[in-house]
Each structure stands twice: as C-alpha cells, then as structure tokens.
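Notes follow once the structure below has been shown.
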Amino acid sequence: MVPCSVTSPSSPFTAIIPRHTFFSRSSSLPLRRARAFPINSLSNGSSSQFNQQLFRPRDPPQPRTLFPGGYKRPELKVPTLVLQLDPAEVLSADTDALALIDRAVSKWVGIVVLASNEASGGKLYEAACSLKSLIQDRAYLLVAERVDIAAATAASGVLLSDQGLPTVVARNTMLDSKSELVVLPLVARIVQTVDAAVNASKSEGADFLIYGGGDLNRVGQEVGSLYESVKIPIFVSCVKNNMSYADASGLLASGASGFVTSLANFGLFGDEFLHKLFGTVYASDDGGRMSENKLNVDNGFQSETEVVAGFVKLEDREKLLIETERLVLNEAIEVIKRAAPLMEEVSLLNDAVSQIDEPFLLVIVGEFNSGKSTVINALLGERYLKEGVVPTTNEITFLRYTDLDIEQQQCERHPDGQYICYIPAPILKEMTIVDTPGTNVILQRQQRLTEEFVPRADLLLFVISADRPLTGSEIAFLRYSQQWKKKAVFVLNKADIYQNNHELEEAMSFIKDNIQRLLNTEDVILYPVSARSALEAKLMATTNVGRLNEELSTSDSHYGAISFFELENFLYSFLDGSTIPGMDRMRLKLETPVAIADRLISACETLVTQDYRYAKQDLAAVEDIVNNVNDFALNMVTESLSWRRQTLSLIETTKSRVIELVEANLQLSNFDIIASYAFKGEKNVMPTTSRIQNDIIGPAVSAVQKILEEYGNWLYSKYTQQGRLYKESFEKRWPSLSHESSQINFETDQLLKKVDQAGSQVIDNFSSNAVSKSFEQEVREMILGTFGQLGVAGLSASLLTSVLQTTLDDLLALGICSAGGYLAISTFPARRQKVIDKVKRKADTLAYELEEAMKKDLTEAIENLDTFVKVLSKPYQDEAQNRLNRLVEIQEELSNVEKKLRTLQIDIQNLNVS
Ligand SMILES: Nc1nc2c(ncn2[C@@H]2O[C@H](COP(=O)(O)OP(=O)(O)OP(=O)(O)O)[C@@H](O)[C@H]2O)c(=O)[nH]1
C-alpha cells in the first residue's frame, strides 16, 4: 500500500487551503474551546492503565517520550462538532465541498469521521489520505470501523459500531502498527442505549461516544441521565436531522459535548448560528452542570470582536503561551527528575506549573514588624490580619477572594502547613496576596519559610520600615531573592515618622541608591507610604463616604496615605492587561515558573557536569587497572629471566659434566670394558651410563624440577597476588558494585588457577632413565660400528684385557691386532665425538624446550591475569560507560529544554508584540 503523505505538494487540496490555517494542533486548539478532557482520565481508567502496562517500555527503561507512561493521551476540547463525511464527498472534484471542510476544521469541528458502508477499501484509503492532508492537525480524523485503514493513513483513531471490534483490540492494533506513536490512538464507539453507553465508557474504555440518532428529545434526556455515570464526552448523532437552534442548544445544555453533523447540514449552520449556540451554552445557567465551562466563559470560541486586525487578543495569546509553557515546563520537570533525582526543589516547579493559570501571586516580604500585615490590611481596606509590635505572622498565609460576605476572615490550614484565608476584598479577585513571616535571622524557621516561598512569587512587595531603612539582613534577603530573578516593588512604610520632607527624601535616596547598586539596575520602584494612615483613612471612608479625598488632600499628615493609594493604583494597573504594568503582570506570571526552571536546570547542569567528570575519572581508573597488567607483565618478563637463566645454566653444567665423563671414559684404554658391555647386550648397564644417570643427569633433573616447581609457585603467587590486588582496588573504589564482582569470583578464581606449567611437563617428560638408556645405546652402536668389522673372535677378551689395561697409545695397541683392526679403530675418536655431539644436541634441545615452556607458562599466566582483570573490570567499566552515556543524554536533554525555555522567554517578552 502506498503510504499517504500529508505534506505532499501535489496534494489536490494544498492550493485551496489558506496558508495561515496551517496551525499545529497545540497552537490552534487553545483558541477554540474551554474545557479540555484528557481523554479517559475521567473514565474508570482501566483501559488506560492496561495500555500503560502493556506498553510500558521494557529493559532498559528508556523513556519513549517525555510524557509520563510513555504516551500522551489525546486531549479533546469540548463542546465541539463531529463532522461525518463520505469518501465520495472527499474525493469529488467539488472545490466548494472541500472549502467547506476546510472551514469546518479551522473553526468549529474538532473531530472528522470518515464513514462509508459502500466505498471499497481502496476508495476509503484514498479519501482518508486526502482528508488527512486537508485537515492536517486541526481536527482528529477517525475512520469508521476500518482499523487497518486508520493505521495505514496515520489517522487519529477509529469509530466502532455496536458490532465492531472490542475497543482494546482496535487500540492495540493501531498501536502495534505504528511503533513510533507518541499519542494514544482514539477509539470511539457508537451506542444506542444508556446501558451500552455505560458499558462502552466504563468496561471498554472508549475515548468518547456517539449516541445513536432518533428522537432528539429522548436522546437529550438519555444523555442527561448519563451525565453522572459517564465521564467521557458524548456526541449526539444528528446526521440526518436538520438541527434547529433550540434542538442544538438543548442537547448541549443536557450535557452532550456536541453533535455529529453531515457536511450538508454544517453548510446550513452558518457562523452566526454556531457563535450563538456555543456562546449561549457557556453563558447559560445550567444548574451547575456546565459550571466548569462557565468558569472559562472568556476562553470560549473567539468572537469576531476578540479578533483585532487579524490578531488574537492578548489574553488569548497568554492562554496559548500558557499551554506551550506547561508542556515545556513538564518536560523540564521530567528532565530535572532524571538529571537530579534527589533535587527536592523540583516540587517548586511542580507547584509553579500547577498554578500557572491561577491568579497572580503578590508576596509581601520584609522584616518582622516592618508593617507587612498593616500594608495588606490597607490594601484590603479592612483589618483582616493581626498587627502588632511583636512578630505576629508565623506562617505563609494566602489571601484569596471569596464573594461571600463574611464578617470575619475564614482561614483553613493547608496540609503543607500554609494558611488560606478567604476574604471578600475586590483586589483579591485577580491577585492572591501572600503574607509571609518576617525575614530576620533571629526567627530562623520563619525566615526559612519565607525563603522557600520566594521562588513561587510573581512579584515581591518588599516592605522596609522607616525606622530602620535597609538593614543587613534585608540586603541579604534581597540578594537571595535575586537568585530567583524576582521582580520587587519596594515600600518604605511608616513614612509618617519622618519629621519633614527632607528626612523622607534623604531616606528615599539612601534606600534607592543602595538597591540600585545591589540589583545593578536603575529601575527601582519605591513608594514611601504610611500603611497605618492609609488603613485608617480607608476605614474612616467606609463609615464616612465622600470625605476621604477632601481630607486627604488638605492634610499634610496624610501624605503617607496618598502615597499608599499611588502604590495601590500601581498594583491595580497590574490587573489591567491593556496597561504596561498589566502586561508586566502577565509576563511576570509567565516568567515565574520559567525562572524556577532556569535555576533548577542550571543547578542540574552543574551536577551533571560534575557527575560526567566523575564518570570519566572512573572509566579512566578502570582502564588504568586493566592497562596496568601490561606493566606487570613487563616486570614479570624481566624477573622471569633469572629463573630461566638458572635452569639453563644447570643444564649447561650437566651437559659439560656428561661430556667430560664421556670423554674420560670412552677411551680405547677402557675399550675392553666398554666393549664387553657393548657385546654383552643391553641387559647390563655400562658404568659410565649409570654414572651419567645416577650422578649427573638424575640429580640435574631433580634440580631442574625443583627450580621449575619454584618457578611455578613464584608465577602463581605473583599473578594471583596481583589479581587480588586489582580486585581489592575495584572493590575499594566502587564498593556499591562489589556485590556484582563477587558474583564473578568463582569464574575469576578459576582463571587465576588455570596455568598448567608447561615447564614442569617438559622436565617431567624428560626421563633421566630414558636419556641414559639412549646414551648407552649410542655408545653400544659406536662400539659395534668401530669393531663390528673385526668380529668378536679377532678380539679376544683376554688379549684386549692384557694389551689394553693400561692407557697406552690406543692406536698402537690396536695396530698390533691387524691392519683391518687398525683401520676400524682409527674411526673411534670420530665416533666418540659423534656421541659427544649427540649429548650436546640432546642437552641443547632440552634447554630450548624448557626455555620455551617457561616462557609459555609466563605468557599463559599473564594472559590469565589479563582475562581475569578484564572479566573483573567489566561490570565497573560497563557501569561507568553507561553512566557516561546516560549523562551525555541528560546533558543533551537539559540543553534542549534550556533552548525551549529561551524561546519561551522570548515569546513571553514579546507578549504584547503582534
Ligand atoms: N507609625 C507607623 N506604624 C505602623 C505603620 N504600619 C504598621 N505600623 C505598626 O508597626 C507594627 C508592626 O506592624 P505589623 O503590620 O504587625 O508588622 P508585620 O511586618 O506584619 O509584623 P510580623 O507579621 O510580625 O512580621 C504595628 O504596631 C503597627 O501598628 C505605619 O505606617 N506607621
């Protein structure tokens, strides 16, 4: 099957789609609808858990994506419309129909279903490809019944009828067909009855339902009755109905998330109908049913009035940015958790992300008794908080808005120790004010509470008391807050204590100068106020309306109060998105979590860089130990020389002694003895031979054996000792991995034992008896070779004995016997030399073989040690290498997320730039 390309320039539809409509899903959706259903999150969750278990990444647990559980659940903004299309409509050359589909998905339609009972598979596939190309990511595309075609065309999911595949099978088939899927496929089901709806949502885990057609009133009632039990979106099928406004709004009010429409019917609706329909639904009183949506009444479909010169209004941009920011920050959280699992501060970022679209946090900080509570009371216009000369605020206290008219503040303690008080003060509608304990180091616990809270602030209101302007601990606290890049507005409270303007100006310029230097900025906002006067004035005004302005303007003593109202105006202008401070408010709000993420990421980078260095050092240390075997080998080679020399010199000495003996004994003067032994046969051992065997070679062999045994022991002790040393070094350096290394002990110990001493084998094979025997044989052959021609008869034993018992000239003596005998005997010295040469050769061969064997023993020992160290080092090396690889990955992830944060910061800065 030819895969369909959604970006194909040759697509017949690209020409008719206006360029600006190519939004990505994430950028287009927030413009559209209020309430987002994380699909399945409201159902019993069994199927999503099942999917997560089924598709949980296996060993090694590499994250598929940065989304928890490996997949992102698709989100569906409701209410929305479902557009049902027939392949014929999509494949027709009717450009009006295509333009209508384009218009539908660019504004009102969140889901497109391609359904056909008649079209062939080929046509359905072709239509799905074209549709995918046309709608891009602006709506979800579902193919009815045909999971294979949905998978082949990379559609978002399938719509199954009552008789269709089980939901889980359809979802798994789609998942299996695309291993690189990051977003779970959507599986929706058409149901006709209340029971089927409950079953499909709870037992099967469908993502949304299409409730079968029929009488709209009845369907409306049934959908209404399902509202409590079915928490997934339900769309009512109205393909065949010509929907009136009353029907449509009735359905939505009953709890339906939208309805299914045909292209023809959609063409009849018109924008006005839809604007009115969705706008009314959001604003209508539905008895609490749509209350969640009602909260987001401003988040609804954009109306024409909200679009200025083709640009979305600022609040929408803010919302858009919040969506993007949330994604980036969640990604940052995941990366931080991976990079530094022990970094508890990540909870700050978690909190900041969860509160990103909550009201602005104005956090009042300052030393105890500086008048923070009085400043807050003055802002609220009532004495809600306790004031006093001794520390009165010991906990972080959130002041939130309530529209209940309460006499006394109502506070509740949050599980994490903070207080939340609900107060009906208008300023709290858009701003949560946070009262914090004083920051003096004397009150350490309180100071810590405040310090921990600072990163979460959107704006700090730094209250300085006029009676001690800018103390050391205030400067230290300010420095600390700058680490979190917090913007602060300064309040010089108790300004009423100054005698005159001169004193006030002096204090002001002292504070400003110091803060400018400290923060390295000209832009310092400082309000000199008297919170107490302002509060009193406000309290008076509430009882004496109309006199406030008059009194304030005429009385100099109320200077501090007037100045307080300037501060208040400044803060109020923060609430208005159209003013410069209002834009600052949005920026600050959006920047708060980014600044926290920034700080944490840079802390992670430091940690990761350090870990990377350690991992590299570890790896180098392992390699050093492994390479150290070479040095050890060199030493062993040098030391082993003396062992070989000892052995060779012993053989050399033995050889000389044997030769000496041969030369001394194989004389013609000894001829009779030799010959008698030679002719007597092999049963009798010649005295020379027995001397060679017993006195020379035998002891020499024993001596060599002893040397070789010692050599073997020396080798063994050397390399086992060295092996143990390596093992200890590994275990000492990486005790946490010792367990693993002890598992390979057996194997490695075997390795160290394995050398089987080739040297000893050589010498064991060298039997002195055999050598003597062969020597004797040589001699016998020599005698026979010499005298064989004379015959035994011609050489009587007695003659020989008498003539040759002295060491007279051998040749002369033998010359007496005969000319033939002379000749034969004349070859005797040459033959004797031959015997000597043979002795030499034998000894040299033995020396050579022994030397080679000893070398072999050494090589084998070194090789064993080398293997041992390699086996031993493997887990350590693997661990260090894996750590390195992981750290490189994390470094990359950190730098990616950092780049995204930079881009986000630029977007936030440009919030007001169209
Ligand atoms: N003269 C004068 N005194 C003030 C002013 N504002 C507050 N005070 C007094 O300063 C004292 C401390 O005020 P608080 O508002 O309790 O100070 P705080 O900073 O909240 O104190 P802690 O909550 O303990 O940290 C009280 O006695 C107030 O009446 C002011 O503008 N002028």
Between the modelled labels at N628 and Y716 (7 Å from Cα along Cα→Cβ) the distance in nm is 2.4
Grab segment 80-280 and count how many Lys pairs have their alpha-carbon atoms under 28 Å apart, sequence gap of 8 or more, or different chains.
-> 15
Hz values of 3J(HN,Hα) by residue in segment 254-260 - Karplus curve (6.51, -1.76, 1.60), Gly and Pro given as x | 6, x, 5, 8, x, 9, 8
Return the sequence-ordered ³J(HN,Hα) values of segment 97-114 in whole Hz as given by the Karplus equation 6.51 cos²θ - 1.76 cosθ + 1.60 applied to θ = phi - 60°, using x for Gly and Pro.
-> 4, 5, 5, 5, 4, 4, 5, 4, 6, 7, 9, 10, 9, x, 9, 10, 10, 9
FRET efficiency estimate (nearest 0.05) - Cβ-Cβ, Q610 to K855, R0 60 angstrom = 0.80
Take the Cβ-Cβ distance between S642 and S690 as r, set R0 to 51 Å, and report the resulting FRET efficiency rounded to the nearest 0.05.
-> 0.90
List every residue whose amide H lies under 5 Å from the amide H of V113, counting only residues 5 or more places away in sequence or on a different chain, with H placed 1.01 Å from N in the peptide plane.
-> L83, Q84, L85, L142
Got a sec to turn the phi values of segment 873-888 into Karplus ³J(HN,Hα) couplings, 6.51 cos²θ - 1.76 cosθ + 1.60 with θ = phi - 60°, whole Hz, x for Gly and Pro?
-> 7, 3, x, 5, 5, 4, 4, 5, 5, 4, 4, 4, 4, 4, 5, 4
Which residues' amide hydrogens lie under 5 Å from the amide hydrogen of A139, considering only partners 5 or more residues apart or on another chain, with H built in the peptide plane?
-> none
q = 0.12 Å⁻¹: log10 I(q)/I(0) that the Debye formula gives for segment 80-280, counting C-alpha atoms only | -0.57
Tell me which residues come under 5 Å, amide H to amide H, from F462 once H is placed; ignore anything under 5 positions away on its chain.
-> V365, V489, F490, V491
Taking 7 Å along the Cα-to-C-beta vector as the label spot, tell me the C411-R902 distance in nanometres, rounded to one decimal.
-> 4.6
Packing-based exposure ordering (other Cβ within 10 Å, fewest first) of C411, C604 | C411, C604
Proxy exposure order for T859, T80, T439, T638 (fewest C-beta within 10 Å first) is T638, T859, T80, T439
In nm, to one decimal, how far is the modelled label at L725 from the one at S92, with both set 7 Å along Cα→Cβ?
-> 9.0
Which one of L98, V239, A197 is farthest out on the positive end of the charge dipole of segment 80-280, using unit charges on Cβ (Lys, Arg +1; Asp, Glu -1) and the Cα centre as origin?
-> A197
Ranked by Cβ crowding within 10 angstrom, fewest neighbours first, how are I697, I210, I908, I890 ordered?
-> I908, I890, I697, I210
Linear extension gain, Q355 paired with A264, 0.36 nm per residue minus alpha-carbon span | 28.4 nm
Neighbour net charge for I836 - beta-carbon separation under 11 angstrom, K R +1, D E -1 | +4
R0 of 35 Å, Cβ-Cβ distance D403-R479: FRET efficiency to nearest 0.05 = 0.30
Among N630, S602, S642, which residue has its Cα positioned farthest towards the positive end of the charge dipole of segment 597-648, with +1 placed on the Cβ of Lys and Arg, -1 on the Cβ of Asp and Glu, and the dipole taken about the Cα centre?
-> S642
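Laboratory data are not the source of any read-out in this text; all were calculated from the coordinates shown. These figures come from a predicted structure and were not determined experimentally. FYI the Cβ positions are ideal-geometry reconstructions off the backbone, even for glycines, and counts take in every protein chain you see.
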